[in-house]
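**Student:** I have a structure here, written as structure tokens, and I will follow up with some questions on it.
The values are calculated or read from the model by the stated rules, or taken from the named source; none is laboratory data. Bear in mind that the values here come from a model prediction, so they are computed numbers and not experimental data. A quick note on method: Cβ atoms are made from the backbone with ideal geometry, for glycine too, and the neighbour counts reach across all protein chains shown. Each accessible area value is taken on the protein alone, full model and side chains, heavy atoms only, with ligands, DNA and RNA left out. Shrake-Rupley method; radii C 1.70, N 1.55, O 1.52, S 1.80 Å.
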Amino acid sequence: MFDISVDDFGALPDGREAQLYTLTNEQGMSVKITNYGGIITELWAPDKNGTSADVVLGFDKLEDYLDGSPYFGALIGRVGNRIDGGKFTLDGKIYQLAKNENDTSHLHGGNVGFDKVLWDAETEVTEDGAELHLEYVSADGEEGYPGELTVNVTYRLTADNELYTDYKATTTKATPVNLTQHSYFNLAGKGSVEDQLMMINADKYTPINDVLIPTGKLADVAGTPFDLGEPKAIGAEVNADHPQLKIAGGYDHNYVLNKPQEGEMSLAAEVVDPQSGRVLQVHTTEPGIQFYSGNFLDGTLTGKGGEVYEKHAGFCLEPQHFPDSPNQSNFKSIILQPGDVYSSTMTFSFSVSK
Ligand code: BGC
């Protein structure tokens, strides 16, 4: 059986109220999601002894998210990750978006991305799980993007400790779309993630230039700190003397997933916390995944329960199409055409190892 409850999460500056939805299953897993930014604020998963911990970073209060969050737990769009110079050409027209990262790049949808808007929400218990349906209509021209984009996201907590996320979108004009989820995980619940073992199912990644934009090349991970084909502690080589790690202060790279079939759900990553035994698997239909090792956390943010978030306090695994796709002719297109339906699915599955 599943349970869904709803609480007030506070008011936005314009007076609208945000809600906090709690989805619970019988296996001891629960997730709290607010319709502000579709943010996962808490995710409780059992360890090998059955003791649950909250394994995502975030804040206690809506005000803290409004004050500035590094996208903790949020839905990301219209285009996740970076667009070089915030500029792209589509059907012969040049579009200039906000350069909201160091005045050089467009990051995670701009000044007010999907992480900062209030989504319409409905809950439903089905035989598959406890579901939260979110809808947001992004106006034609919002953040500089063409076309009115209608986005539907379903979060579902299943009986077997899986948080499933499905994304659909339609548009009135051709527009780039690359939606993802920006949870920062720490399978121990607190402290550093450096001892947690990361496996990413990828033989290649997309190296970046000094402002974190892909160079356009695909590089082999073999023989480098980027080789996570076999599980490796996140901290083992995060500070290694590799130019790509120096640029980003750790891992902040898009991996080119090994996929049996394009567009099919497949295993992208598996993370194990040896201490607690918690295991997280990420499956996705997307061709890439951003592995970000929380390099820009620097102890200035205090999160839930007074936890100070130091460097590497959490990691993100963001399924996606490759960064800067609108400007990279050898990356798959992220242009959605009117009449077509954007579709993407990902799961975060929790289990334990002994
Ligand atoms: C990016 C990081 C960025 C972070 C925002 C990640 O998806 O790859 O470079 O700092 O989001 O906190």
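**Student:** Could you please find all residues in the range 144-162 being within 19 Å of the chain's Cα centre (by Cα) and charged (D, E, K, R)?
**Tutor:** Taking the range 144-162 first, the residues within 19 Å of the chain's Cα centre (by Cα) are 151-157, 161-162.
Answer for the range 144-162, where residues must be within 19 Å of the chain's Cα centre (by Cα) and charged (D, E, K, R): R156, E162.
**Student:** Within the range 96-111, is there a residue that is closer than 26 Å to E17 by Cα and within 13 Å of the ligand (Cβ to nearest atom)? Before the answer, list the steps.
**Tutor:** Just the residues of the range 96-111 that are closer than 26 Å to E17 by Cα, to begin with: 108-111.
Checking the rest, the ones that are also within 13 Å of the ligand (Cβ to nearest atom) come to 108-109.
Yes, some residue in the range 96-111 is closer than 26 Å to E17 by Cα and within 13 Å of the ligand (Cβ to nearest atom).
**Student:** Can you pull out every residue in the range 22-52 that is among the charged types (D, E, K, R), more than 15 Å from F2 (Cβ to Cβ) and open to solvent by 40 Å² or more (accessible area, probe 1.4 Å)?
**Tutor:** If we filter the range 22-52 for residues that are among the charged types (D, E, K, R), which is where we start, we get 26, 32, 42, 47-48.
Applying the additional criterion that residues be more than 15 Å from F2 (Cβ to Cβ) yields 42, 47-48.
Residues satisfying the conditions are E42, K48.
**Student:** Would you mind telling me which numbered condition in (1) of a type in the set (A, V, I, L, M, F, W, C); (2) within 12 Å of the ligand (Cβ to nearest atom); (3) under 14 Å from the mean Cα position of the chain (by Cα) A268 fails?
**Tutor:** Here A268 clears every test but (2).
**Student:** Can you list residue pairs whose Cβ atoms sit under 6 Å apart, with the first residue in the range 70-87 being under 18 Å from G216 (Cβ atoms) and the second being acidic (D, E) and in a loop (DSSP other than H, G, I, E, B)? Count only pairs 6 or more apart in sequence or on different chains.
**Tutor:** From the range 70-87, the pairs are R82/D324; I83/D324; D84/D324.
**Student:** Return the residues of the range 69-85 that are at positive phi and open to solvent by 10 Å² or more (accessible area, probe 1.4 Å); say none if nothing qualifies.
**Tutor:** Passing the criteria: Y71, G85.
**Student:** Applying the selection to the range 14-31, what residues are assigned to a loop (DSSP other than H, G, I, E, B) and touching a residue at least 12 places away in the same chain (Cβ under 8 Å)? Steps first, please.
**Tutor:** Of the residues in the range 14-31, the ones assigned to a loop (DSSP other than H, G, I, E, B) are 14-16, 25-29.
Within the range 14-31, R16, N25, E26, Q27, G28, M29 qualify.
**Student:** Condition first: touching a residue at least 60 places away in the same chain (Cβ under 8 Å) and more than 14 Å from the ligand (Cβ to nearest atom). Now tell me which residues in the range 240-260 satisfy that.
**Tutor:** The one that is touching a residue at least 60 places away in the same chain (Cβ under 8 Å) and more than 14 Å from the ligand (Cβ to nearest atom): V256.
**Student:** Take L212 and decide whether it is crowded, with 16+ Cβ neighbours inside 10 Å and closer than 30 Å to S52 by Cβ. Talk me through it step by step, then tell me what you get.
**Tutor:** Working: crowded, with 16+ Cβ neighbours inside 10 Å: yes; closer than 30 Å to S52 by Cβ: no.
The answer is no for L212.
**Student:** Could you list all residues from the range 163-189 that are surrounded by 23 or more Cβ atoms within 10 Å (Cβ to Cβ) and over 19 Å from the mean Cα position of the chain (by Cα)?
**Tutor:** T171, T175
**Student:** Could you tell me which of the residues S30, S69, S52 is over 21 Å from the mean Cα position of the chain (by Cα) and closer than 22 Å to A313 by Cα? Explain how you work it out, then say what you get.
**Tutor:** Values: S30 fails: over 21 Å from the mean Cα position of the chain (by Cα); S69 fails: over 21 Å from the mean Cα position of the chain (by Cα).
None of the others qualify; the one that does is S52.
**Student:** Select, from V117, V125, the only residue that is at pLDDT 95 or above, under 18 Å from M29 (Cα atoms), hydrophobic (A, V, I, L, M, F, W, C) and surrounded by fewer than 23 Cβ atoms within 10 Å (Cβ to Cβ). Walk me through it before giving the result.
**Tutor:** Details: V117 fails: under 18 Å from M29 (Cα atoms).
Step by step, each of V117, V125 is checked, and only V125 is at pLDDT 95 or above, under 18 Å from M29 (Cα atoms), hydrophobic (A, V, I, L, M, F, W, C) and surrounded by fewer than 23 Cβ atoms within 10 Å (Cβ to Cβ).
**Student:** If you scan the range 143-162, which residues turn out to be hydrophobic (A, V, I, L, M, F, W, C) and surrounded by 17 or more Cβ atoms within 10 Å (Cβ to Cβ)? Spell out the reasoning first.
**Tutor:** The initial filter retains those residues of the range 143-162 that are hydrophobic (A, V, I, L, M, F, W, C), namely 149, 151, 153, 157, 159.
Of everything in the range 143-162, those that are hydrophobic (A, V, I, L, M, F, W, C) and surrounded by 17 or more Cβ atoms within 10 Å (Cβ to Cβ) turn out to be L149, V151, V153, L157.
**Student:** Still on this model: Report, ordered by the first and then the second residue, all pairs with beta carbons closer than 9 Å, sequence separation of six or more or different chains, a first member in the range 162-187 that is of a type outside the set (V, I, T), and a second member that is surrounded by fewer than 24 Cβ atoms within 10 Å (Cβ to Cβ) and at pLDDT below 95.
**Tutor:** Y164/D128
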